[in-house]
């Protein structure tokens, strides 16, 4: 039987390379926590995590993983890419459960001008998504 942690590693690289939203949904736990720039507070839950990660992988151009470190069910994946003319470098810190599903993902990124560029593209889309979710909750209450 294949090791779910090794399977995750291959699948994660495929998901990001192919920008596979459905694949993201399959590898994130329902109660995932997500820390990404420019948000200081962690985000919680698969729905918001999938939406934001999908926006990120569709916004960062030439996204490429370079180096990888692994300690049991913990991963650190170094990446580069750019948003417009702003080059960026970052690290995904990923924690998995025993099934090989992501329970926590923290994205660290630099330099600040790249974060600002990324936020400029993503923030309006996230705001619209969050407003829509709030309206749906109000409508079902």
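Every read-out reported here was derived from the displayed coordinates using simple, explicitly stated rules and does not represent laboratory data. Here the structure is a predicted model, which is why all the values come from computation and not from measurement. In this analysis, Cβ positions are derived from the backbone assuming ideal geometry, glycine residues included, and neighbour counts consider all displayed protein chains.
Here are some notes:
- The sum of -39500 (n - 2.57) across all DSSP H runs of n ≥ 4, divided by the residue count of the chain, sets its helix-only mean residue ellipticity at 222 nm to -15500 deg cm²/dmol.
- Over segment 13-141, relative contact order from alpha-carbon pairs under 8 Å, at least 6 apart, %: 21 percent
- Counting all C-alpha pairs of segment 4-140, share separated by more than 20 Å (%): 45 percent
- Label zone at residue 39 (point 7 Å along Cα-to-Cβ), backbone N below 15 Å, segment 46-81: 46-57
- Only Cα pairs under 8 Å and 6+ residues apart enter the sum, and on that basis the relative contact order of segment 48-118 stands at 24 percent.
- Part-to-part distance (alpha-carbon centres) for segment 103-128 and segment 1-71, which is given in Å: 14 Å
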